[in-house]
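Contents: one structure, followed by commentary.
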C-alpha cells in the first residue's frame, strides 16, 4: 500500500458543464501552494490525489487547509490488489494501528464490475476484523472509527478520519475584486469571505501620513500577508490620502466629514479597480455598526460609483466578525493600537442620515477631481507574499 492524501471537492461537483474549469483552477492553486515540496498531483472528476514522501504529509495537509475549493482532506492508502483477501488484510493492518472500541466498515464501489457488492464487502471485512482484533464491536450509527473502502477501476482506497476543508470555490474562478483594507477587524474578514467565493483579491489602503504612522501601514501589510495565505499573494495599492483628508477637514462641515471622506475613497477605489481589471469593490461594512454604515449613509456614499460594492459582513454582528477574525488569524494584528485614516479626525456628531444634495453642494467647495487624480497617479504598489519577504517589492507609479 502507498500512503497519499485524498481531496474531495464538495460544492464544486454542482458546477456541471464548467466543472472542468473549476477543477483545473483548483489543481493549479494546489500546485502553486505546494510548489516547493516534492509532490505529484493526480485528479479525476470525483477526487484529487497527492503523493509525497511521508515526512512531508503533515506540512502538505497544513497548506491544503488554506486552499479554497476543498471539501475534505483525507490521509489514506492506495493499493492495486483487488482480491477480497488482500482487502481484508489491508484493512486489518490499518485498523490495528488505531485505538478504538467500535467501528463500521463502509464500502463504495464505483467499479460496478467488481464481483462483490458493497454490503458483501462490508460483511466480509467486518467479520475478519472482529476475528482478529479482540474486544471490538460494530456500531453502525455512532462508531468510534468509520473505516472507508473505495473499489475504483484501477485501485482500492482505504481511509478513516476526514479533515474538513475550507469549502468555497477555487480562488480566481469568479474574477477579481479590490478590497478596501484598513487596519481594523472587519475588512480582513470581509476579504477572507470574498476569497472563499472564488474572488482573487487585490487591496487598497488609504494612508494619511504624518497623521497615521508607519506602524499603521506595517499593520495593514501584515493583514495583507494573512490574506495571502488564502489568496497566494496580495497586490496592495497604497493611496496617499493626506491632502484630501486635510482639505475636507478645512472646508467641509464637520458632521459631513466621514460621509465626504468615504465618497472620495469610493471614487478612488473605483478608479484603481477599473485600472487593474477588478470587477467589484469589497469592504467590511456592517449595517448600523458606525455612522457611515446606516442604510442611508451607505446609499449616499455608494452613489458616487457605478462598480458593484460587495459587503460580505453586512448582516454580521461584531461578535460574529471577531470570531471569524480569530479563526483566520487576523484578530491579534487588527487590535494593535495604531490608528488608520478612518479613525482620525472623527467628528463628535457625524451625520447618520446624510443627504445627497448636501454632499454635492459641499463637494463643490473643494477641487476633489484634481485631488483624486493626484492620489491615483502617486499610488504606491506593494506585492505581498504570505511567506517570503523577499517577494515584497514596491513601485511608485
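The values are calculated or read from the model by the stated rules, or taken from the named source; none is laboratory data. Nothing here was measured: the structure is a model prediction, and the numbers come from that model. Don't worry about glycine lacking a Cβ; one is built from the backbone with ideal geometry, like all the others, and counts go over all protein chains shown.
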Select from segment 121-163 the residues that are without any contact (Cβ under 8 Å) to a residue 12 or more places away in the chain and assigned to a loop (DSSP other than H, G, I, E, B) and write down the one among them that is farthest from the chain's Cα centre (by Cα). 134
If you take the residues in segment 109-120 that are surrounded by 14 or more Cβ atoms within 10 Å (Cβ to Cβ) and closer than 16 Å to residue 80 by Cα, which one is farthest from the chain's Cα centre (by Cα)? 114
Could you check residue 274 against (1) crowded, with 22+ Cβ neighbours inside 10 Å; (2) at pLDDT 95 or above; (3) assigned to a helix (DSSP H, G or I) and say which number it fails? (1)
Hey, among 195, 204, which residue is in contact (Cβ under 8 Å) with a residue 12 or more places away in the chain and within 10 Å of the chain's Cα centre (by Cα)? 195
I'd like the full set of residues that are free of Cβ contacts under 8 Å to residues at least 24 places away in the same chain and either in a loop (DSSP other than H, G, I, E, B) or in contact with a helix residue (DSSP H, G or I) (Cβ under 8 Å, 6 or more places away or on another chain) (or both), limited to segment 110-120. 112, 113, 115, 117
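Conditions tested, residue by residue: (1) surrounded by fewer than 19 Cβ atoms within 10 Å (Cβ to Cβ); (2) in a loop (DSSP other than H, G, I, E, B); (3) without any contact (Cβ under 8 Å) to a residue 60 or more places away in the chain.
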{"position": "187", "(1), (2), (3)": "no, no, no"}
{"position": "215", "(1), (2), (3)": "yes, no, no"}
{"position": "224", "(1), (2), (3)": "no, no, no"}
{"position": "236", "(1), (2), (3)": "no, no, no"}
{"position": "249", "(1), (2), (3)": "yes, no, no"}
{"position": "262", "(1), (2), (3)": "no, no, yes"}
{"position": "265", "(1), (2), (3)": "no, no, no"}
{"position": "281", "(1), (2), (3)": "no, no, no"}
Just wondering, is there one or more residues in segment 62-80 that are outside any strand (DSSP E or B), over 22 Å from residue 165 (Cβ atoms) and at pLDDT below 95? yes
Please verify whether residue 231 is buried (at least 23 other Cβ atoms within 10 Å of the Cβ), under 23 Å from residue 355 (Cβ atoms), in contact with a strand residue (DSSP E or B) (Cβ under 7 Å, 6 or more places away or on another chain) and not assigned by TED's automatic domain parsing to the domain that holds residue 69, treating the condition exactly as stated. no
